[in-house]
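Trainee: Have a look at this one.
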Amino acid sequence: GGEGGGGGGGRVLSVSSLTKIAAPGLRLGWVEAPPALLRRIASRGYLSSGGGVAPFVSEVACELLEAEQDEVVAGLAETYRGSARALCAALRAEPGLFRVETEPLGGFFCWVRLPEGVDATELLPVAERHGVLFLPGARCAPGAAEPFRHHVRLCFAFETEAAMGEGVRRLAAAVREVQRRAA
């Protein structure tokens with residue numbers, strides 16, 4: 001197996017991030033790997049050039065890790081559950097336009113099915129003019145994009161409930177505009 005075991009010859013590593021644990025905007029991660037591989041990674045210039053990587057974010061992460069992590073994570077999970085429920089309620093308030101096939105139980109995103117004939121990639125520029133951004137489903141499935149053409153991935157982790165409601169209303173207006181053009 002080599003250094004570190006697992007049959008990887010000392011080359012197996014795991015990359016993790018506080019993005020999903022703490023907050024979507026907290027772009028700080030870490031690497032778990034055998035010591036020899038960690039030494040090689042740490043010897044790169046960008047890590048040894050002084051000042052560290054992302055010193056402000058590193059300090060925020062340090063404070064978070066020194067706090068009661070279980071309480072922080074539980075509080076975030078409850079906040080995100082409420083945000084997911086609010087987004088899904090706003091989507092259901094636009095009958096016939098959006099279908100949430102599975103209401104999120106965690107994470108930051110909700111997958112939404114658009115009406116037949118509305119392609120998410122074609123909808124995006126129209127939605128942007130209405131002040132709404134989303135990730136077209138096809139972008140999340142390279143090589144298998146076809147089944148996701150009529151899906152969008154909406155984030156519920158950044159916005160307030162009121163902002164999500166307004167965003168859904170704007171997205172609905174964009175969908176209706178695309179439908180009118182196609183008719």
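Trainee: Within segment 1-16, does at least one residue satisfy the condition of being farther than 25 Å from Ala77 by Cα, open to solvent by 50 Å² or more (accessible area, probe 1.4 Å) and either hydrophobic (A, V, I, L, M, F, W, C) or modelled with pLDDT of 80 or more (or both)? I'd like the intermediate steps shown before the answer.
Mentor: Residues of segment 1-16 that are farther than 25 Å from Ala77 by Cα, as a first pass: 1-13.
Then drop every residue that is not open to solvent by 50 Å² or more (accessible area, probe 1.4 Å), which leaves 1-4, 6-7, 11-13.
Those still in the list that are either hydrophobic (A, V, I, L, M, F, W, C) or modelled with pLDDT of 80 or more (or both) too: 12-13.
Scanning segment 1-16 turns up at least one residue that is farther than 25 Å from Ala77 by Cα, open to solvent by 50 Å² or more (accessible area, probe 1.4 Å) and either hydrophobic (A, V, I, L, M, F, W, C) or modelled with pLDDT of 80 or more (or both).
Trainee: Let me ask something else. Against the condition open to solvent by less than 80 Å² (accessible area, probe 1.4 Å), at pLDDT below 80 and either in a loop (DSSP other than H, G, I, E, B) or within 22 Å of Gly107 (Cβ to Cβ) (or both), how does Gly75 come out, does it pass?
Mentor: Working: open to solvent by less than 80 Å² (accessible area, probe 1.4 Å): yes; at pLDDT below 80: no; either in a loop (DSSP other than H, G, I, E, B) or within 22 Å of Gly107 (Cβ to Cβ) (or both): yes.
For Gly75, the condition - open to solvent by less than 80 Å² (accessible area, probe 1.4 Å), at pLDDT below 80 and either in a loop (DSSP other than H, G, I, E, B) or within 22 Å of Gly107 (Cβ to Cβ) (or both) - is not met.
Trainee: For segment 113-133, enumerate the residues that are open to solvent by less than 90 Å² (accessible area, probe 1.4 Å) and either assigned to a helix (DSSP H, G or I) or modelled with pLDDT under 95 (or both). Break it down into steps so the answer makes sense when it comes.
Mentor: Step one: filter segment 113-133 for residues open to solvent by less than 90 Å² (accessible area, probe 1.4 Å), giving 113-115, 117-121, 123-127, 130-132.
Matches in segment 113-133: Gly117, Ala120, Thr121, Leu123, Leu124, Pro125, Val126, Ala127.
Trainee: May I pose another question? Would you call Leu28 closer than 28 Å to Phe156 by Cα and either open to solvent by 90 Å² or more (accessible area, probe 1.4 Å) or modelled with pLDDT of 80 or more (or both)?
Mentor: Working: closer than 28 Å to Phe156 by Cα: yes; either open to solvent by 90 Å² or more (accessible area, probe 1.4 Å) or modelled with pLDDT of 80 or more (or both): no.
Considered against the rule, which asks whether it is closer than 28 Å to Phe156 by Cα and either open to solvent by 90 Å² or more (accessible area, probe 1.4 Å) or modelled with pLDDT of 80 or more (or both), Leu28 comes out as no.
Trainee: A further question follows. Kindly check whether there is at least one residue in segment 157-166 that is at negative phi, exposed (fewer than 15 other Cβ atoms within 10 Å of the Cβ) and aromatic (Phe, Trp, Tyr).
Mentor: Yes, the conditions are met somewhere in segment 157-166.
Trainee: Here's another thing I want to ask about it. Any residue at all in segment 31-52 that is at pLDDT below 75, in a helix (DSSP H, G or I) and more than 29 Å from the chain's Cα centre (by Cα)? Can you show your working first?
Mentor: The initial filter retains those residues of segment 31-52 that are at pLDDT below 75, namely 44-52.
Applying the additional criterion that residues be in a helix (DSSP H, G or I) yields 45-48.
Among the residues that remain, those that are also more than 29 Å from the chain's Cα centre (by Cα) are: 45, 48.
Looking through segment 31-52, at least one residue is at pLDDT below 75, in a helix (DSSP H, G or I) and more than 29 Å from the chain's Cα centre (by Cα).
Trainee: Next up: Taking only segment 85-97 into account, find how many residues are free of Cβ contacts under 8 Å to residues at least 24 places away in the same chain, open to solvent by 20 Å² or more (accessible area, probe 1.4 Å) and more than 17 Å from Ala182 (Cβ to Cβ).
Mentor: Let us first name the residues in segment 85-97 that are free of Cβ contacts under 8 Å to residues at least 24 places away in the same chain, namely 85, 88-89, 92, 95-96.
Filter again for open to solvent by 20 Å² or more (accessible area, probe 1.4 Å), leaving 85, 89, 92, 95-96.
Now restrict to residues that are more than 17 Å from Ala182 (Cβ to Cβ): 85, 89, 92, 95.
Looking only at that region, the number is 4.
Trainee: For segment 98-112, which positions are over 18 Å from Pro147 (Cα atoms) and open to solvent by less than 40 Å² (accessible area, probe 1.4 Å)?
Mentor: Pro104, Phe108 - these are the residues of segment 98-112 that are over 18 Å from Pro147 (Cα atoms) and open to solvent by less than 40 Å² (accessible area, probe 1.4 Å).
The values are calculated or read from the model by the stated rules, or taken from the named source; none is laboratory data. Nothing here was measured: the structure is a model prediction, and the numbers come from that model. Every residue, glycine as well, gets a Cβ built from its backbone with ideal geometry; the counts of neighbours run over all protein chains shown. Calculation scope for accessible area: heavy atoms of the full protein, side chains included, ligands and nucleic acids excluded. Shrake-Rupley method; radii C 1.70, N 1.55, O 1.52, S 1.80 Å.
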